[in-house]
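Student: Okay, here's the structure, questions in a sec.
We did not get these values from a lab; they are worked out from the coordinates using the rules stated. These numbers come from a predicted model, not from an experiment. Here Cβ is always computed from backbone atoms with ideal geometry, including for glycine, and neighbour counts include all displayed protein chains.
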Amino acid sequence: MNHFELRDGELFCEDVPLARIAEAVGTPVYVYSSATLARHFTVLREALAEAGVRDPLIAFALKANPNLAVVRTLAKLGAGADVVSEGEVRRALAAGVPPERIVFSGVGKTEGEVAFAIEAGVAEINVESEPELELVNRVAQRLGKRAEIAIRVNPDVGAGGHAKISTGKSDSKFGVSFSEAERLYAKASNMAGVRPVGVACHIGSQITDLAPMEEAFGKMRGLVQRLQAEGMRVERLDLGGGLGVPYFNQPEPPSPADYAAMIARSTKGLDVGLAFEPGRMIAANAGVLVAQVIHVHERAEGRRFLVLDAAMNDLLRPAMYDAYHDIRPVRLRDGELAAYDVVGPICETGDTFTRDRALPPLHSGDLVAFMTAGAYGAAMSSEYNSRLLVPEVLVRGGEFAVVRPRPSYEDMLAREAPAPWLA
Ligand code: LLP
């Protein structure tokens, strides 16, 4: 459920017409709904509580939407943060996430990033390999600290909406095998700079079938039990993120209640705290990208192009993963549906959002909204073709605020410096 709806043929975000935001801020622009963010976080928390999962750490995966206002909205509800870089640690802290709710994942943390995270006092560093374990141990000792770590396991279960976002097969770069995990856990227990507190996994993203998750979590359960049987303390099991959302062209994702019930089944009787790293399921349906139609270009031989002022640099998912986003007119016109190729102005064919999409009549100057764009939308935007970074707006009820302004062209140029020999 989300808070984007048509009222008298006009698309609203909560109580604000999207057209009003477009007029005030210009297009393209991302618009997020506070109520939808809150709802998704709360629905997950309540589903877990109802299934009997006590006091989970729900660490929002910042990579899905790192905007400070978005993260702060969630932090105020008690969300933690799953981060993968120093930049994300800094964002989580700046947004008010307490360090004891920050989990640091990622296969290539640098020495500087590890030091920063340890100094900040993050709850857990998810260690993805033996060299990384040694790095964390070394850095923590240098700082006179003992870092709490979890070993990230690769459960060798494939899942996810696209090969590029599946992370759980043994040939992917993430985590270590089960046998390695046992060896590294024992090794970590004897290191002065780290204290192993648990194990972690994450098998992929946009997962619409619970079976692979349940398979992976069953294997994780076995690992926890083996470690405990060997006399090791395991306090936390981090089950990652990955639950899919409806993009309209894919199978309906499982409900939070079914997901929570599966979690409860998989972890029954285990005496560990659970952590989750959801990104998409919280943010995706809480955001849209609003764009304006520049031209409708009808070719003599029949193709009809809807040329927008948004491009692949603003919303990369269709170009990168052939992702489907529902496209809706912001003001609905009467008339027959027609097939459009929806494209941006960037000079490559990949800058095509969709082909042959049936849409209501649209004219130059009309606004359209790409739905389900709140996760991995603005987060993956760039200035390709020297287009200004897309702005972001947060709505709450009848009010809205620009939470990342559109830079000016002067801002863009001022970030660069000439080489001295070119002066
Ligand atoms: N935890 C870890 C360790 C992850 O790598 C990810 C996502 C998450 C949590 C959050 O997963 P989620 O709940 O959002 O599925 N750019 C791609 C998605 C990449 C996901 C990468 N890892 C897309 O636009 O579909």
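Student: Return the subset of LYS109/LYS145; LYS173/LYS268; LYS63/LYS173; LYS173/LYS219; LYS187/LYS219; LYS76/LYS219 for which the Cα-Cα distance in this structure is over 28 Å, preserving the input order.
Tutor: Flagged as over cut-off: LYS173/LYS268; LYS76/LYS219.
Student: Could I ask something else about it? When MET262, MET412, MET281 are ordered from fewest to most other Cβ atoms inside 10 Å of their Cβ, what list results?
Tutor: By the 10 Å Cβ count, ascending, the order reads MET412, MET262, MET281.
Student: While we're looking at this one, here's another question. Tell me which of THR208, ALA79, GLY144 sits at the most positive position along the dipole axis of region 34-279, charges placed on C-beta atoms (Lys, Arg +1; Asp, Glu -1).
Tutor: GLY144
Student: Rounded to the nearest 5, what % of the DSSP beta bridges within the chain are antiparallel ones?
Tutor: 50 percent
Student: Of the listed peptides 358-367, 78-87, what is their order by residue-averaged count of other C-beta atoms within 10 Å, with the highest listed first?
Tutor: 78-87, 358-367
Student: Let me ask another. In what order do HIS295, HIS325 fall by count of nearby beta-carbon atoms within 10 Å, going from fewest to most?
Tutor: HIS295, HIS325
Student: Find how much the distance from GLU119 to GLU23 grows on full extension, using 0.36 nm per residue of separation minus their present alpha carbon separation; answer in nm with one decimal.
Tutor: Length difference between fully extended and current span is 30.1 nm.
Student: May I pose another question? Taking only DSSP H segments of four or more residues, each worth -39500 (n - 2.57), what value at 222 nm results for the chain once the sum is divided by all its residues, to the nearest 500 deg cm²/dmol?
Tutor: -8500 deg cm²/dmol
Student: While we're on this one: Suppose every Lys and Arg Cβ carries +1 and every Asp and Glu Cβ carries -1, with no other charges. What dipole size does the chain come out with about its Cα centre, to the nearest 20 debye?
Tutor: So the magnitude is around 860 debye.
Student: If Lys and Arg each add +1 and Asp and Glu each add -1, what is the summed charge of the other residues whose beta carbon sits under 13 Å from the beta carbon of GLN141?
Tutor: Residues near GLN141 contribute +3 overall.
Student: Starting from the Cα of VAL402, step 7 Å along the direction of its Cβ; do the same at HIS363; then give the gap between the two resulting points in nm.
Tutor: Label at VAL402, label at HIS363, 2.9 nm between them.
Student: Near VAL103, within a Cβ-to-Cβ distance under 12 Å, what is the net charge of the other residues, with Lys and Arg +1 and Asp and Glu -1?
Tutor: Result for the neighbourhood of VAL103: -4.
Student: Averaging sequence separations of C-alpha pairs under 8 Å and six or more residues apart, then dividing by the length of the chain, give the relative contact order as a whole percent.
Tutor: 19 percent
Student: Would you work out the relative contact order for region 34-279, in percent, from Cα pairs under 8 angstrom that are 6 or more residues apart?
Tutor: Relative contact order for region 34-279 comes out at 20 percent.
Student: Sticking with this structure for a sec: Suppose the chain between ARG233 and TYR409 were pulled fully straight at 0.36 nm per residue; how much longer would it get relative to their current alpha carbon spacing?
Tutor: Full extension from ARG233 to TYR409 adds 57.9 nm.
Student: Any aspartates and glutamates with Cα under 13 Å of the LYS164 Cα? List them, leaving off those in the same chain fewer than 8 positions away.
Tutor: Reachable aspartates and glutamates: ASP322.
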